[in-house]
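A.B. asks: This is the structure I want to talk about, given as structure tokens.
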Amino acid sequence: MANDQDLFDLFHGKLREMWFAEKKIHASLPKMANAAQSDALRAAFRKHEAETQRQIARLGTIFGLIDRSAKEEASIALTALLDECTEAAVKFKNSSALDAALIAGAQAVEHHEIACYGALKAWAGQLGMKEAAGLLDETLTEEKDTDEALTQLAEDMANPKAKKKDDDEPSRRGHRAATAV
């Protein structure tokens with residue numbers, strides 16, 4: 001028996017996954033903001049929380065455009081990425097590497113979202129859904145901008161702060177030198 005699913009079914013399924021993902025991310029961002037040590041990272045997480053709320057609304061609009069109800073479909077990948085963020089927050093709590101760990105986890109989530117929204121936008125274009133493609137492009141741009149902002153925070157603040165402890169420990173410095181030979 002042939003499977004009669006097509007690109008629209010693929011689009012609709014991924015849209016349902018992103019509905020689930022954005023709601024999970026929205027619930028996780030306040031926790032990440034509270035865990036962050038720096039004011040700048042807390043502010044970035046809070047800014048993205050507000051963006052995520054708008055992204056959820058956009059997804060709702062797209063469900064309306066395709067005449068489907070907004071239903072979730074669990075994303076195993078996104079759930080695992082958010083679990084890693086939580087584990088990093090616990091593992092590195094009160095350490096100089098906490099913000100770097102939170103940023104790395106958040107960027108893994110962003111990269112997943114960028115991949116998914118890129119696919120959704122392409123599929124919407126292929127299916128002739130110009131309005132949906134435009135809304136998805138808005139979200140894709142926000143996700144890329146968030147990723148860039150997190151990279152800047154990592155390079156300018158979090159990674160140098162995390163490295164300082166490393167610089168102060170001769171045993172780690174010696175280990176690096178020994179392994180570099």
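A.B. asks: Checking Glu73 against (1) of a type in the set (Asp, Glu); (2) more than 14 Å from Glu113 (Cα to Cα); (3) modelled with pLDDT of 95 or more: exactly one of these is not met. Which one?
C.D. replies: Evaluating Glu73 over (1) of a type in the set (Asp, Glu); (2) more than 14 Å from Glu113 (Cα to Cα); (3) modelled with pLDDT of 95 or more leaves (3) as the failure.
A.B. asks: Does segment 115-129 hold any residues that are assigned to a helix (DSSP H, G or I) and either closer than 14 Å to Phe8 by Cα or among the small types (Gly, Ala, Ser) (or both), and which are they?
C.D. replies: Filtering segment 115-129 for residues assigned to a helix (DSSP H, G or I) gives 115-126.
Matches in segment 115-129: Ala115, Gly118, Ala119, Leu120, Lys121, Ala122, Trp123, Ala124, Gly125, Gln126.
A.B. asks: Mind listing whichever residues of segment 1-51 are over 20 Å from Lys121 (Cα atoms) and either in contact with a Cys (Cβ under 6 Å, 6 or more places away or on another chain) or of a type in the set (Phe, Trp, Tyr) (or both)?
C.D. replies: The answer is Phe45, and nothing else.
A.B. asks: Hey, another quick one. How about segment 25-47: which of its residues are buried (at least 18 other Cβ atoms within 10 Å of the Cβ), within 17 Å of Leu81 (Cα to Cα) and not small (Gly, Ala, Ser)?
C.D. replies: Selection gives Ile25, Leu29, Met32, Phe45.
To keep it simple, each residue is scored yes or no on (1) touching a helix residue (DSSP H, G or I) at 6+ places or on another chain (Cβ under 7 Å); (2) modelled with pLDDT of 95 or more; (3) among the basic types (Lys, Arg); (4) within 26 Å of Gly60 (Cβ to Cβ).
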site	(1), (2), (3), (4)
Phe92	yes, no, no, no
Glu110	yes, yes, no, yes
Ala124	yes, yes, no, yes
Glu131	yes, yes, no, yes
Asp137	yes, yes, no, yes
Ala149	yes, yes, no, yes
Ala154	yes, yes, no, no
Lys164	no, no, yes, no
Asp168	no, no, no, no
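A.B. asks: Return yes or no: is Arg16 among the basic types (Lys, Arg) and more than 30 Å from Ser95 (Cα to Cα)? Before the answer, list the steps.
C.D. replies: Details: among the basic types (Lys, Arg): yes; more than 30 Å from Ser95 (Cα to Cα): yes.
Here the answer is yes, as Arg16 does meet what is asked.
A.B. asks: Looking at segment 83-100, which of its residues are under 22 Å from Ala21 (Cα atoms) and in contact (Cβ under 8 Å) with a residue 60 or more places away in the chain?
C.D. replies: None - no residue of segment 83-100 is under 22 Å from Ala21 (Cα atoms) and in contact (Cβ under 8 Å) with a residue 60 or more places away in the chain, so the list stays empty.
To keep it simple, each residue is scored yes or no on (1) at pLDDT below 95; (2) closer than 24 Å to Gln53 by Cα; (3) not β-branched (Val, Ile, Thr).
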residue	(1), (2), (3)
Ala2	yes, no, yes
Gln5	yes, no, yes
Phe8	no, no, yes
Lys14	no, yes, yes
Trp19	no, yes, yes
Ile25	no, yes, no
Ala40	no, yes, yes
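The values are calculated or read from the model by the stated rules, or taken from the named source; none is laboratory data. All figures in this text were calculated on a predicted structure; none of them were measured in a lab. Neighbour counts run over all protein chains shown; Cβ positions are idealised from the backbone, glycine included.
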